[in-house]
Amino acid sequence: MKVSTTWLSEYIDLRGYTGEELAEQLTAHGIEVDSVLSAAELYGQESSLQETEDNILDLDLTPNRSDCLSIIGTAYEMGAVLGRYMDSNSLNRYNVSSYNYSPLNLFSVNNEAEQDCKCYALALIENVQIGPSPLWIQQRLSALGVAPVNNVVDYANYIMLECGQPINIYDADQFSGAQIQIRFADEENIMTADGLERTVDSTALLISDGRKPASIAGISNAADYEISPGTHRILIESAHFSGSVTRKTSRKLGLRNEKTVRFEKEINLEMILPALLRVSELIVAASPGAKLSGVSHWQYAPIEHKTIKVSQEKINRYLGTEISGEQIEAILEYLHFPFEIPENSVYLISVPKRRGDITQEVDIIEEIARLYGYEHIPVSLVQGVTTPGRLTNEQRIRRSIRHILIQSGFNETITYSLTHPKHFNMIPVNPLYPQAVFLNNPMTEDRSMLRMSLLPHLLETASFNLKYGTENIAIFEIGNIYCSNEPVLTQLPQEFPCLGMLLTGKRTHPHWNCPAQPVSYYDIKGTVEKMLNYLGIESYSFEGAQIQGLHPGRTASIYLKDNDGNPIYVGYAAQLHPDVQKQYDLKETFVLELSLKPIYRLTDFGISAQSAPKYPSVQRDIAVVVHAHVYAAAMIAGIKSSAGEWLEDVSIFDVYSSGSLAQTGQKSIAFSLVFRHPDRTLTDDDIYPVYERVVNTLKEQFAAELRQ
Amino acid sequence: MRTKLDELSFEAKKAILQAESLAELNELRVKYFGKKGLITEISKNMNTLSSEDRPIIGMMVNSVRESIKDQLNEKSKEIEQGILKEQLAKETIDVTLPGNPAPIGSVHPLSKVTQELEDIFIGMGYSVEEGPEVERDYYNFEALNLPKDHPARDMQDTFYITEEILLRSHTSPVQIRTMERMKGQVPVKIICPGKVYRRDDDVTHSHLFTQIEGLVIDRHIRMSDLKGTLLQFVQKMFGTQTQIRLRPSYFPFTEPSAEVDISCMFCGQAGCRICKNSGWIEVLGSGMVHPNVLEMSGYDSTQYSGFAFGIGVERIGMLKYGVNDIRNFYTNDLRLLTQFNHI
């Protein structure tokens, strides 16, 4: 909303303040002023136009302050802020008793929507001569951003800007009957004033003349009913149309204008008749020979007068202030809020109808607070019991994961949750929740659904960075994926917190002492093993798997063991399938995705310390040749099951499969076993039978041959 | 005999002094103390001496032996040290060559800011609560004093999935869920960090951004407490010289509501590009919890009051780290991200 200080000055004394100072005052007390434009800036330095002292303030109004969508409303606010009273003489322009008029007998009204049209008023003017309006009106409108049209429409707009009441004008000769109907539409086609054919549904309110709609209430006239240069009789409409109906219809039709903005936020019912009388008077005065033939006003719901009780004690207790009774009274007086003091320090306030935003005690407290000045509210600390601040376990674990991955050389990324459906042709999704969640009102197809995997945006991030010259990429993201088992949501979808990782390029930059080795599957596996160990999770396993979008020979499903011993699938580690690599312009790329909920559940924060062993350990190595497809994890399991309780650790220190072994599809694999007895030193005699047992197990279970 | 001993001692010491290697010293050791060594021989022949001379000569022989031995040991130490020194000199490396790589990654700036904010509020006694990003209209709007068709819904253009399910446009629904769970118990003292979504994308807006909202409910919470809490927070975040300014504003879920500015730390309020010459930078929105919000979630507004605030994490990150475009947080350009690799 733009306001002119000259225009405001008709209602409130602004002397002593520059435009900038007024803007500062308004902003400090709750009406933000976006810009101040002087008349010189507006019209040019050489202007001979009359209102050269003018300043145009552009108000950035919050939705609750629709009372300031008018010069008078803003004047009231200025008075409250500056501590000045309104000019009562000027306000008489909107006093019904200032006007003499006869009732309009030509039209009657049948209102079928009394809830959404609580008040309706019409005036009929005859003998109008359509022409340009006086220059000063045109200037005032232009300064506030409203284009001048003619001596009828300009006054309608002028009154709307001045008092906030939208005024609509029909060519009265277009009305076919005397019965005006206010009703909801019935899937009708209307050509609106802009010349477009529009269809309205049963939520739209229409003003009809009995034959056809004359307007969509508060939004636009039907084209036929607009005034034209030849119009001689005009019907002026000043009415209430409810905010919700106006809002719905104006949205559906894509028709928003100065009128709908005001109706949407609920207008002041008390202003309907005075605005009509004042606009009629002005139009008659500006059009020689014109005559007001009558004014009628239909009130369908009583205007409720609201009173609110608030005590000085409550105000100060709520704000933490010590505002005096005199200060409160002064604020209320400059707000022009009539009040009584029924008992000591208690105020019974009658809320003016123009302030529809004020409905309860706290609204009054806010008025007092903002006009008293937030800068005068003291600073205090919350009293009462102290509370221990804390993170939840999940948040602690997430921080630990982030920490360990960063320590391992991975860079954290945060990518968009909204994505393009195309990604999921080639990327694994959760089979239990296969339904994607699509937006009803996306901005673009690129951001039209919620991601079902962290992978696509990690791939895009890698691709983006490669393009900009970063060749070694180690990234991760912790974030939610979203999916459902309902094609159309009735419940909230699943949100699974996940960890995604991606690795491509070399482990390090070229270095004089360390060759820059390409990354491998085992780098990403090693990092996640380190992470799981760090979280105190020991029971996990990697098993060869075939998953869409991933290399069929280089993919593992990852399982954790639940507390009852059952394996839970938590995700995968893999090399990307070459087809997918190509799709995202990547080279050999390794990826991992883990569901974090089971990890949160199985993380072990407890450490139960054992004393350091008293007796030395004994180490034995076993090297065997097996078929190339035998899994190391299975062999380790075999060793663990056969080696007995003294086995402390088993590791693999060599894997070899070239030369003759490769030709026969075999590999050599060497294990190092560490044994220890808690109460004595183990001897060769102790170890020999254990060693034999392990070797036999490897022979029997995996057809292993012992290497000499 | 005495002269002979003196000569022997003199010869030995001279030889030891001239020796250059441990091998030479060994030869000398054998020459004097071996089975047929010169000192050994003299000791063997002691019984040929008279009983008067024997003790005297004996003492002299012992003294010469000890002194030669000492000298041998000393010389041997000296040579060993020389050898070590030489070896160490040979082992010299270029200690200025780059060390072996121990790669470190980087934390995303939004995580860094979020953790810092969380830690500040945890230190002030707040718990950290989270909730779903896909929310019901009720929790995102209705329970926050924003019934359907409320004009203020225009303030937040929202992504909808169905009529009733949407992407949360702020983390306030977590406050509502927490209040419901607390069933009227006080004190409530929480912060709610998380991703939020608005149908908005330009230089200053991203359709995804991160918020941390805070909520305190107890008996007799005052607006001055809100002011004090925010002052404490900004001073911990931006330094103790930071001041705040509250400006009246409007949010449907708080009343009175305030936009909060902090004194510009870039120019010391002298006026600069970042504060648009005003000396103040807008950083968050806040207010006293609207009584309707308290009532809808089971708190008697005549008994309890509260305050709430909402912080844009990206905004804080831009101020704190000089990131100049909100969208840079989501581009994930490693040339930017890897700068966040240290404390």
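The values are calculated or read from the model by the stated rules, or taken from the named source; none is laboratory data. Since this is a predicted model, take the numbers as computed values, not measurements. Quick reminder, even Gly has a Cβ in these numbers, built from the backbone with ideal geometry, and neighbours come from all protein chains shown. Accessible surface is based on the protein model in full, side chains and every heavy atom, while ligands, DNA and RNA are left aside. Shrake-Rupley method; radii C 1.70, N 1.55, O 1.52, S 1.80 Å.
List every residue whose amide H lies under 5 Å from the amide H of A:Ala623, counting only residues 5 or more places away in sequence or on a different chain, with H placed 1.01 Å from N in the peptide plane.
A:Phe671, A:Arg707
For B:Thr240 and B:Cys267, compute 0.36 nm times the residue count separating them, minus their Cα-Cα distance, and round to one decimal in nm.
8.2 nm is the gain from fully extending B:Thr240 to B:Cys267.
Considering only the other residues whose Cβ falls under 15 Å of the Cβ of A:Gly16, what net charge follows from Lys and Arg at +1 and Asp and Glu at -1?
-3
Report the net charge of residues surrounding A:Val437, where surrounding means a beta-carbon distance below 12 angstrom and charges are Lys +1, Arg +1, Asp -1, Glu -1.
-2
What pairs from A:Lys265/A:Lys353; A:Lys597/B:Lys195; B:Lys13/B:Lys75; B:Lys69/B:Lys90; B:Lys189/B:Lys236 go past 20 Å between their alpha carbons?
The answer is B:Lys69/B:Lys90.
For A:Arg256 and A:Asp13, FRET efficiency with R0 = 41 Å and r from the beta-carbon atoms, rounded to 0.05?
0.70
Provide the per residue accessible area, probe 1.4 Å, for the protein assembly as shown, rounded to a whole number of square angstrom.
Ligands and nucleic acids excluded, the result is 46 Å² per residue.
Once Lys and Arg get +1 and Asp and Glu get -1 on their Cβ, which of A:Ser296, A:Ile180, B:Thr96 lies farthest toward the positive end of the dipole of the protein assembly as shown?
Highest projection toward the positive end goes to B:Thr96.
In the Gaussian network model of chain B, springs joining C-alpha atoms below 10 Å, which of B:Ser249, B:Ser76, B:Ser224 carries the largest mean-square fluctuation?
B:Ser76
Below 11 angstrom from the Cβ of A:Leu282, what's the summed charge of the other residues (Lys, Arg +1; Asp, Glu -1)?
Residues near A:Leu282 contribute -1 overall.
Dipole magnitude of chain A about its Cα centre, charges +1 at Lys/Arg Cβ and -1 at Asp/Glu Cβ only, in debye to the nearest 20?
In debye, rounded to 20, chain A gives about 2240.
So which GluC sites (Glu not before Pro) in the range A:530-620 are both in a DSSP loop and have at most 13 other Cβ atoms within 10 Å of their Cβ?
Hits after loop and neighbour filter: A:Glu538.
Give the accessible area for A:Glu24 in Å² (nearest 10); use a 1.4 Å probe, count only protein heavy atoms, and leave out ligands, DNA and RNA.
Spelled out: A:Glu24, probe radius 1.4 Å, area about 130 Å².
Assuming R0 = 60 Å, what is the FRET efficiency of B:Lys148 and A:Ser541, from their Cβ-Cβ distance, to the nearest 0.05?
The formula returns an efficiency of 0.70 here.
To the nearest 0.05, what FRET efficiency results for B:Leu336 and A:Ser176 with a Förster distance of 56 Å applied to their C-beta separation?
0.20
How large is ³J(HN,Hα), in whole Hz, for each residue of the range B:283-291 in order, when computed from phi with the Karplus curve 6.51 cos²θ - 1.76 cosθ + 1.60 and θ = phi - 60°, using x for Gly and Pro?
10, 7, x, 7, x, 7, 4, 4, x
For the range A:623-708, state which trypsin sites (Lys or Arg not before Pro) are in a DSSP loop and have at most 15 other beta carbons lying within 10 Å of their beta carbon.
Passing sites in the range A:623-708 are A:Arg680, A:Arg707.
Specify which residue in the list B:Val289, B:Val188, B:Ile16 is farthest towards the positive end of the charge dipole of chain B, using unit charges on the beta carbon of Lys, Arg (+1) and Asp, Glu (-1), about the Cα centre.
Ranked along the dipole, the leading option is B:Ile16.
What length, rounded to one decimal in nm, is gained on full extension from A:Ala147 through to A:Arg211, with 0.36 nm per residue of separation minus their alpha-carbon distance?
Gain on extension, A:Ala147 to A:Arg211, equals 19.8 nm.
How big is the charge dipole of the range A:306-376 about its Cα centre, in debye rounded to the nearest 20, if each Lys and Arg gets +1 on its Cβ and each Asp and Glu gets -1 on its Cβ?
Here the size comes out at about 340 debye.
Which GluC sites (Glu not before Pro) from the range A:608-708 combine a DSSP loop assignment with at most 15 other Cβ atoms within 10 Å?
A:Glu645
Once you put a point 7 Å from the Cα of B:Ile83 and another 7 Å from the Cα of A:Asn393, both along the Cβ direction, what distance in nm separates them?
About 6.3 nm, to one decimal.
Which of the residues in the range A:492-518 show a loss of at least 50 Å² in accessible area from their chain by itself to the complete set of protein chains, at a probe of 1.4 Å?
Going by heavy-atom accessible area, the residues of the range A:492-518 that drop by at least 50 Å² are A:Leu492, A:Glu495, A:His511, A:Trp512.
Please give, to one decimal in nm, the separation of the simple spin-label points placed at B:Arg219 and B:Leu49, each 7 Å out from Cα toward the Cβ.
With each label placed 7 Å out from Cα toward Cβ, I get 10.8 nm.
Would you work out if the range A:607-708 is rounded, prolate or oblate? Take a ≥ b ≥ c from the square roots of the eigenvalues of the alpha-carbon gyration tensor; rounded if a/c is under 1.5, else prolate when a/b is larger than b/c, oblate otherwise.
Prolate, because a/c is 1.5 or more and a/b exceeds b/c.
Place a +1 charge on the Cβ of each Lys and Arg in chain B and a -1 charge on the Cβ of each Asp and Glu, then give the dipole magnitude about the Cα centre in debye, rounded to the nearest 20.
With Lys and Arg at +1 and Asp and Glu at -1, about 1340 debye.
Based solely on C-alpha atoms, express the radius of gyration and the Dmax of chain A in angstrom.
That works out to 40.0, 129 Å for Rg and Dmax.
Between A:Glu188 and A:Leu381, what length in nm is gained on full extension when 0.36 nm per residue of separation is reduced by their alpha carbon distance?
63.4 nm
Specify the inter-centroid distance of the range A:255-283 and the range A:507-552, based on alpha-carbon positions, in whole Å.
70
Accessible area lost on pairing A with B, both sides, 1.4 Å probe, Å² to nearest 100?
7600
Would you mind giving the mean number of other chain beta-carbons within 10 Å of the Cβ of each residue in A:387-393, as a whole number?
Mean partner shielding for this stretch: 6.
As I understand it, the dipole of the range A:641-692 uses +1 on the Cβ of Lys and Arg and -1 on the Cβ of Asp and Glu, about the Cα centre. Which of A:Thr681, A:Ile652, A:Ala662 lies farthest toward its positive end?
Working it through, the farthest residue towards the positive pole turns out to be A:Ala662.
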